[in-house]
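Take a look at the structure below.
The values are calculated or read from the model by the stated rules, or taken from the named source; none is laboratory data. Keep in mind that this is a model prediction, so the values were computed, not measured. Backbone-built Cβ (ideal geometry, glycine too); neighbour counts: all protein chains shown.
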Amino acid sequence: MHRLRCVSGFAFALVLLAAIAALAQESQIVMMIDAPAKYRPNPLKIKVGQTVKWINTGETVHTVTADPSQAPDPTWASLPKGAEMFDSGYMNAGDTWSYTFKVPGVYRYFCLTHEEEGMKGEIDVEK
């Protein structure tokens with residue numbers, strides 16, 4: 001019986017540690033809005049290892065694009081050295097997309113469908 005309590009206590013401690021780790025790595029939410037076309041919040045500060053979840057709360061299609069080759073202006077999409085480009089693809093109303101940031105630095109991204117409106121965002125990833 002004593003062994004069972006020790007095992008149960010150990011299992012509980014592991015679950016508790018996992019929950020604490022999950023809270024430390026909580027996702028940050030960025031909403032995509034139609035009028036005016038923008039990301040909110042913007043800019044956003046997070047820690048390395050955190051995930052950002054974008055939610056299209058509007059009624060039009062949006063993207064989350066950090067690919068300088070697709071940017072209307074090179075300053076709209078930039079990544080820290082060693083970071084990978086990302087692109088959500090076209091997101092319909094209600095769609096979500098997530099990305100985990102593994103490299104510290106400033107990430108600039110934009111919406112392919114709202115370039116003319118200047119829909120762009122920035123995330124500062126700290127160590």
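Here are the numbers for the structure shown:
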| read-out | value |
| --- | --- |
| Members of the range 1-60 found to be of a type in the set (S, T, Y), outside any strand (DSSP E or B) and modelled with pLDDT of 90 or more, listed by number | S27, T57, T60 |
| Filter pass, G89 being on the phi > 0 side of the Ramachandran plot and out of contact with any Cys (no Cβ under 9 Å at 6 or more places or on another chain) | yes |
| Filter result (over 13 Å from the mean Cα position of the chain (by Cα), more than 16 Å from K127 (Cβ to Cβ) and not charged (D, E, K, R)) within the range 86-106 | G89, Y90, M91, N92, A93, G94 |
| First in the range 15-40 and closer than 24 Å to Y109 by Cβ, second anywhere and at pLDDT 95 or above and assigned to a helix (DSSP H, G or I), Cβ under 7 Å, 6 or more apart | A37/H114 |
| Number of the condition not met by M85 [criteria: (1) closer than 19 Å to M31 by Cβ; (2) surrounded by fewer than 19 Cβ atoms within 10 Å (Cβ to Cβ)] | (1) |
| Positions within the range 41-64 being basic (K, R) and in contact (Cβ under 8 Å) with a residue 60 or more places away in the chain, in sequence order | K45, K47 |
